1. Tell me the residue from Thr374, Thr348, Thr384, Thr353 that is among the β-branched types (Val, Ile, Thr) and in contact with a Gly (Cβ under 6 Å, 6 or more places away or on another chain), please.
2. Looking only at the range 640-660, which residues are assigned to a strand (DSSP E or B) and out of contact with any helix residue (DSSP H, G or I) (no Cβ under 7 Å at 6 or more places or on another chain)?
3. If I ask for residues that are open to solvent by less than 70 Å² (accessible area, probe 1.4 Å) and in contact with a strand residue (DSSP E or B) (Cβ under 7 Å, 6 or more places away or on another chain), which ones from the range 360-372 would you list?
4. How many residues are out of contact with any Ser or Thr (no Cβ under 6 Å at 6 or more places or on another chain) and assigned to a helix (DSSP H, G or I) if we restrict to the range 169-195?
5. Taking the condition of being touching a helix residue (DSSP H, G or I) at 6+ places or on another chain (Cβ under 7 Å), of a type outside the set (D, E, K, R) and closer than 18 Å to Glu683 by Cβ, how many residues in the range 496-512 meet it?
6. Of all residues in the range 539-558, count the ones that are open to solvent by 10 Å² or more (accessible area, probe 1.4 Å) and either under 21 Å from the mean Cα position of the chain (by Cα) or farther than 21 Å from Gln622 by Cβ (or both).
7. So which residues in the range 547-573 are touching a strand residue (DSSP E or B) at 6+ places or on another chain (Cβ under 9 Å), of a type in the set (D, E, K, R) and under 17 Å from Ala649 (Cα atoms), if there are any at all?
Amino acid sequence: METLTGILERIVFENPETGYTIGRLTSRDYPTELITVVGNFASANAGESLALKGWWVNNPQYGQQFKIETYETVLPATIVGLRKYLGSGLIKGIGPVMAARIVNHFGMDTMDVIEKTPQKLNAVPGIGRKRVDMIKKAWEAQREIKNVMLFLQSNNVSTTYSVKIYKTYESESISIVRENPYRLADDIYGIGFKTADTIAQNLGIDKESPHRVTAGIKYVLGQKADDGHVFLYRGQLIGACQEILELPLNAIEAGMTELIGKEEIVAEDVDGEVAVYLVPFYYAEVGVTNAFSRLLKTETPAAQLQFVAGSIDLLEKQMGIHFAANQRAAIRTALESRVMILTGGPGTGKTTTTIGMIRLFEALEKRVMLAAPTGRAAKRLSETTGREAKTIHRLLEFSPQDNGFKRNWDNPLEADVVIIDEMSMVDLVLMNSLMKAVPRHATLIMVGDVDQLPSVGAGNVLKDLIASEQITVVKLTEIFRQAQQSLIVTNAHRINRGDFPQITGTPDRNFFFIEEEEPEQVADLICDLVHKRLPKHYGYHPMDDIQVLCPMRRGTVGSENFNKQLQAVLNPDSTGTIRGGRNFRVGDKVMQVRNNYDYEVFNGDIGRITDVDAIEKQVTIQFPEKVVAYDMADMNELVLAYGITVHKAQGSEYPAVVVPLMTQHYLMLQRNLLYTAITRAKELVVLVGTKKALGIAIRSNKVVERNSYLAERVQAAMRQKVGRPESRREEGGWLFTEPEPPSQR
């Protein structure tokens, strides 16, 4: 190996997943050229002085490169080097201009001042006490982060989450990781069991360690919850754990016993089999049951019942419309019941019916609150009803400081009627939080299309509540004349019945199918549609008005590939920052992929990047209703959103939707997925692919069942089968008391 020293002038490519970096280096030994260096860095910043050990290689495509085996960071030895080093964005709060001032003032003592006596920085023009504190903290964090990164790298672990590890544990990072690396899977978003297990194995932790076994059990339950399951049957859980942990039955049973003792999982009999829940899902299922039981057993005031007679006829005159029979039944049910479900496909009048309900409740001087799971859905609900509508999270007033909702049993909503739209999207845990806040005297109206995809989170709440047969359900089936003129609406209903859609007809139709066999040509055609053809013909904005919806993420016609291709044509020249293997640029369309209560942005929210600040280490994103400044360390919570999966589009509407349909999507080609994709469009649908794939989707109506016991619990609660068994293992009774999780949760 040779040794090469120099200054890292710029970073050409960086993959935080692996630490792999391509950079350009200047060296005194090669004064006339920039040297290309390649290798894995724990952390690298332009301007740093490096001592590299490695060897020269000749890349057939890129020429001679220096391949790094090991390296050390050394402090710059020149004034110019110091300016470049400090101005590289290494320390939050110092850019090139401020770096030049500091180095001009302190010369070669600059690093000693920052390290040992940072208060002296006050003497530099433009630096006040606040900025000194910022520089001090940033320097300490940078030093600690490098230590953490080097520690992880020495154990062959990805460097992606090193900053988050430090932000979570700070100076205790390395000691915690050494003692129990499985904590990372619980405490840090993005680090799952497998990554923690890799760290543990490299640290020499025993495969039968109780930490490993319990973490593995929770990992399996969590993964299955991501697939929609509220619990796993004991046999399912043990089989999955044995496959992942490669341990005998007795070790896994011992881990389950330990977790039950710690109240981190719950085991109960479900129809003669043992069901194993993670504690939050167990409390959620029981809590939702209790809340519905209370509401269903509360009588409607007599005055309200008397008001129903004749009120709908008067409402029709006021609104200048004639309600269909099912619409009248829905409005009457809303006034007569404590709980109801209104369901139906597009064009059947759910919105008009909801407005009618609101008008009558307002005539009764009832306080009506409207909400939906996503910001887009809430905005649409507000626009169609002319009333304020909030996301469920904002309705419940989430508090980042308390990491919980302010609205609950002790502080219920100040409402007499709560109407929730897009109920098919609401998962079990969110439903539990909502039900805690619905006052006992209130009326709850749930509106949704049960034929759409179920929630991304665990559970199938809308379907389960309907299946319980304890809640009055009104299904609107009549498609109104105006809606019949839209091929989007009529084809959605045809697909839902299992019939092939109408794909030929007049040129002014709003539903198109373009047949194309080859995946690469499908991808190119869709990019051309978004970039040129649809904007030219219809006047659509390619980012704001058109959304590509994909059955899957991976592959040539998956959302990830469309994001690369569409970014290249729609936002090619903008500046940006690479994070998590993705090149984010100013102007990019991005989507949040998890709930972040600190920023108050939620899974599925879409925005546009407006600024990338390398000095402050921040990325500014404009969402429809707010501007959020992201720390760059949190950018792994975002993905490009030029193309998204159909699942992520639930609750949203777009003027135009383009959907690739190929047989390579076979596993995901389901009728409810295609139906959901089509009903996201307000004005135009374009399907691109093969008729064979379209036929597969229409014929595939076998909905994947999710492990849930909500329907049965609600049935049992209404039969008044109340009481908690003395032993969960020996008796089959159900818990319908008022459970509260331990305070630490």
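The values are calculated or read from the model by the stated rules, or taken from the named source; none is laboratory data. This structure is a prediction, so every number in the text was calculated from the model and none was measured. Here the Cβ is made from the backbone with ideal geometry for all residues, glycine too, and neighbour counts use every protein chain on show. With ligands, DNA and RNA removed, areas are computed over all heavy atoms of the protein, side chains included. Shrake-Rupley method; radii C 1.70, N 1.55, O 1.52, S 1.80 Å.
1. On the way: Thr348 fails: in contact with a Gly (Cβ under 6 Å, 6 or more places away or on another chain); Thr384 fails: in contact with a Gly (Cβ under 6 Å, 6 or more places away or on another chain); Thr353 fails: in contact with a Gly (Cβ under 6 Å, 6 or more places away or on another chain).
Criteria check complete, one pass: Thr374.
2. Our first condition is that a residue be assigned to a strand (DSSP E or B); within the range 640-660, this holds for 640, 643-645, 654-660.
Listed by number, the residues that qualify are Tyr654, Pro655.
3. Step one: filter the range 360-372 for residues open to solvent by less than 70 Å² (accessible area, probe 1.4 Å), giving 360-361, 363-364, 366, 368-372.
Correct list: Phe361, Lys366, Val368, Met369, Leu370, Ala371, Ala372.
4. Kept after step one, since they are out of contact with any Ser or Thr (no Cβ under 6 Å at 6 or more places or on another chain), are these residues of the range 169-195: 169-186, 189-195.
Among the residues that remain, those that are also assigned to a helix (DSSP H, G or I) are: 169-179, 183-186, 193-195.
Final tally of qualifying residues: 18.
5. To start, the set of residues in the range 496-512 that are touching a helix residue (DSSP H, G or I) at 6+ places or on another chain (Cβ under 7 Å) comprises 496, 498, 500-502, 509-511.
Next, from what is left, pick out any that are of a type outside the set (D, E, K, R): 496, 498, 500-502, 510-511.
Now narrow it down to the ones that are closer than 18 Å to Glu683 by Cβ: 501-502, 510-511.
So the count comes out to 4.
6. Here is the first cut: in the range 539-558, the residues open to solvent by 10 Å² or more (accessible area, probe 1.4 Å) are 539-545, 552-556.
Now narrow it down to the ones that are either under 21 Å from the mean Cα position of the chain (by Cα) or farther than 21 Å from Gln622 by Cβ (or both): 539, 543-544, 552-556.
Qualifying residue count for the region: 8.
7. Residues satisfying the conditions are Arg553, Glu560.
Let's see how each residue does on (1) modelled with pLDDT under 85; (2) surrounded by fewer than 16 Cβ atoms within 10 Å (Cβ to Cβ); (3) among the aliphatic types (A, V, I, L, M):
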position	(1), (2), (3)
His105	no, no, no
Thr117	no, yes, no
Val157	yes, no, yes
Asp206	no, yes, no
